[in-house]
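Structure first, commentary second.
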Amino acid sequence: MKLDFPRYTERLGAVSIHAVQRIYELDSGKSKGFLTSHQTIKKFDYDEISNLLHDMAIVIPLKEERLKLLEGVLSGIPNECLVIIVSNSPRSPVDRYAMEVETVRLLGRFMDKRIVMIHQRDSAVGSILKKLKYNSILDSTGHVRAGKAEGMVLGLLIAKMYHKDYVGFIDADNYVPGAVNEYVKIFAAGFGMASSPYCNVRISWVFKPKVRNNSLQFSKWGRVSETTNKYLNSLLSSVTGFETDIIKTGNSGEHALSMPLADCLHYSSGYSIEPYEFVDVFEKFGGILPSKYPNVVEKGVEVFQIETRNPHFHEDKGKMHLNHMLEGSLAIIAASSICPSDLKRALRDQISQITGVKKQKKLDHRTRYPLIAPISTVPIAEFAKEVRENAETFYRLGGLK
Ligand code: GDD
C-alpha cells in the first residue's frame, strides 16, 4: 500500500490529529524500496502489512444483518486477523444467533480462519462482568446492555484475552468485501506509521453512494457525519482559538484502536461511541484538564484519518435511525466538561430540532448515553477463564482455545 504522510497535523496537548491522508496504490508490490526517491509517500510491502495483521483482531458488531452480507464481510478480512463477532441478534421466536453460528461454522471450513463468536446478552457474560465489578456495561437485569458500543467493548475484552495489540471495528452490513479488505489494510498502515503506542486509525470514506432518482449519486458526506464533524471541530477550535476543519471522521464506524489506548478510554453507549472517542481523548490528554495518565501524555496520542479508494456501500436504515445517531453524537459533545457554554447552547438547539422536543434547560445526556469504564479495570485472565468455562454462546473456530 502507498499513502501520503500526514500533510498537516492539529495538536491539542498530547493529542495529534492528522489531516486526511490519501492512498496512491492499494497494492504497491512486494519490494520495499521506491523506483524514485520519495519523501512524502509511505510504502508498506506485503510482509509489513501481514506482520501488523497478525497482531490485530477485527471485531464485527452484529444485529440482525443479512447473512449474505456477513459472509461477504468475513471473506474480505485478511486471514492473519483474529475475527471476533459479537452478536445481539434475537434468540426468539427464531434463534437468529444459532443461524449466524451455523453460517460461520460452514464458512469456516472453507476459509480456515480464526473466528470467535459470542452473544452480547449471554447471561453468563453478564454474571462474569458483575462478579468482576465491571458494572458500567450492565443493565438492571445484570446482562450486558443492548447497543453497538456495548458489543464493541465486549469485543475489545475478547481481543485482549487473545493478547492482540490492535483492534479494528468493521460493520457487518457492508456490501463490498473488497472495501472491507481495504479498511483492514488501512488500519495496519495507520499503526505502521504511528510513532506512539497510543493510536487511533479512522476510515474516511471517499464516497458513500446513494440511489437518488434511479441513479447512483456519489455523495461524500451524510448529514450525520457532516454535522458531527462540524461540532467536533468547533469543540477543538474553542480550545485552541483557531478555527479548523481537520476532523472528518467523527462518526467513523470503521476505525481501529491500539490496545494501550483502548485500555484507558471510556466508551459512550450505542452509536455515540465513535464521536465520544474524540471527546474522551481531548478530555484526558488534551492538556485542558489534569490527566490521570502521565505515561500516555509523555508518549502522545495519534489520530490518523485515511481516505479509502473503495466507496462505502452499506444497508440504509432510514431517517429515524440517522436522527437517533445524530442526536447521540451531539448529546455527548454537549455533555463534555470541556464544551464551552455557547457551543452547548448551539448543540441544544440542534438537538431540539432533531428530536422536536423543546429546549430543556439541562439535558441529562449522561443518563441517555451512559459511559462504560475503561477495559483496563477488568482482570483479563479471570475474565478469560470464566468466559471459556461458563459462557454458553462462546464459540471458537480455527483451533482457538
Ligand atoms: N453487537 C451489536 N449490538 N451490534 C449491533 C447492535 C447491538 O446492539 N446494534 C447494531 N449493531 C451492528 C449492526 O449489525 C452493524 O453491523 C453495525 O453494528 C452498525 O450498525 P448499523 O445500525 O448498521 O449502523 P449504521 O450503518 O446506520 O451506522 C454505522 O455507520 C456510522 C457512520 O456512518 C455505525 O457504525 C455508526 O456507529 C457509524 O457512526
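Summary of values
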{"item": "In the range 85-106, the residues that are surrounded by 18 or more Cβ atoms within 10 Å (Cβ to Cβ) and not in a loop (DSSP other than H, G, I, E, B)", "result": "I85, V86, S87, R96, Y97, E100, V101, V104"}
{"item": "Lone unmet requirement of (1) part of a loop (DSSP other than H, G, I, E, B); (2) more than 12 Å from the ligand (Cβ to nearest atom) for K160", "result": "(1)"}
{"item": "Enumeration of residues in the range 238-262 that are more than 15 Å from the ligand (Cβ to nearest atom) and open to solvent by less than 20 Å² (accessible area, probe 1.4 Å)", "result": "I246, S258, M259, L261, A262"}
{"item": "Answer from L322, L289, L326 - the residue that is within 11 Å of the ligand (Cβ to nearest atom), of a type in the set (A, V, I, L, M, F, W, C) and open to solvent by 50 Å² or more (accessible area, probe 1.4 Å)", "result": "L322"}
{"item": "Any hit, the range 232-248, residues being within 16 Å of the chain's Cα centre (by Cα) and in a loop (DSSP other than H, G, I, E, B)", "result": "yes"}
{"item": "Residues being open to solvent by 40 Å² or more (accessible area, probe 1.4 Å) and touching a helix residue (DSSP H, G or I) at 6+ places or on another chain (Cβ under 8 Å) - total across the range 161-175", "result": "3"}
{"item": "The range 44-55 residues that are under 16 Å from G190 (Cβ atoms) and outside any helix (DSSP H, G or I), paired with ones that are open to solvent by less than 80 Å² (accessible area, probe 1.4 Å) and aliphatic (A, V, I, L, M) (beta carbon under 6 Å, 6 or more apart)", "result": "F44/M1; F44/A189"}
{"item": "Residues (outside any loop (DSSP other than H, G, I, E, B) and within 12 Å of the ligand (Cβ to nearest atom)) located in the range 292-319", "result": "H314, K319"}
{"item": "Any hit, the range 49-60, residues being away from the ligand (no atom under 16 Å from the Cβ), within 21 Å of the chain's Cα centre (by Cα) and open to solvent by less than 10 Å² (accessible area, probe 1.4 Å)", "result": "yes"}
{"item": "Test for Y369: is it touching a helix residue (DSSP H, G or I) at 6+ places or on another chain (Cβ under 9 Å), touching a residue at least 12 places away in the same chain (Cβ under 8 Å), among the hydroxyl-bearing types (S, T, Y) and over 21 Å from Y276 (Cα atoms)", "result": "no"}
{"item": "Boolean, V297 is at pLDDT 95 or above and farther than 18 Å from G190 by Cα", "result": "yes"}
{"item": "Evaluation of S219 against (1) within 11 Å of the ligand (Cβ to nearest atom); (2) open to solvent by less than 30 Å² (accessible area, probe 1.4 Å); (3) under 25 Å from L26 (Cβ atoms); (4) at pLDDT 85 or above (one fails), failing number", "result": "(1)"}
{"item": "Pick from the range 61-82, criterion open to solvent by 20 Å² or more (accessible area, probe 1.4 Å) and assigned to a helix (DSSP H, G or I), ranking: farthest from the ligand (Cβ to nearest atom)", "result": "S75"}
{"item": "Given (1) of a type outside the set (A, V, I, L, M, F, W, C); (2) more than 16 Å from the ligand (Cβ to nearest atom); (3) outside any helix (DSSP H, G or I); (4) touching a strand residue (DSSP E or B) at 6+ places or on another chain (Cβ under 6 Å), index of the condition G190 fails", "result": "(3)"}
{"item": "So D112, is it within 14 Å of the ligand (Cβ to nearest atom) and of a type outside the set (A, V, I, L, M, F, W, C)", "result": "no"}
{"item": "Test for V303: is it surrounded by 19 or more Cβ atoms within 10 Å (Cβ to Cβ), touching a residue at least 12 places away in the same chain (Cβ under 8 Å), β-branched (V, I, T) and closer than 19 Å to V15 by Cα", "result": "yes"}
{"item": "S225 being more than 16 Å from the ligand (Cβ to nearest atom), closer than 18 Å to L347 by Cα and not in a loop (DSSP other than H, G, I, E, B)", "result": "no"}
{"item": "Qualifying positions in the range 263-274 - more than 8 Å from the ligand (Cβ to nearest atom) and not polar (S, T, N, Q)", "result": "D263, C264, L265, H266, Y267"}
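The values are calculated or read from the model by the stated rules, or taken from the named source; none is laboratory data. Please read all numbers here as calculations on a predicted model, not as lab measurements. Every residue, glycine among them, receives a Cβ derived from its backbone with ideal geometry; neighbour counts consider all protein chains shown. Ligands, DNA and RNA are excluded from the accessible area calculation, which covers all protein heavy atoms including side chains. Shrake-Rupley method; radii C 1.70, N 1.55, O 1.52, S 1.80 Å.
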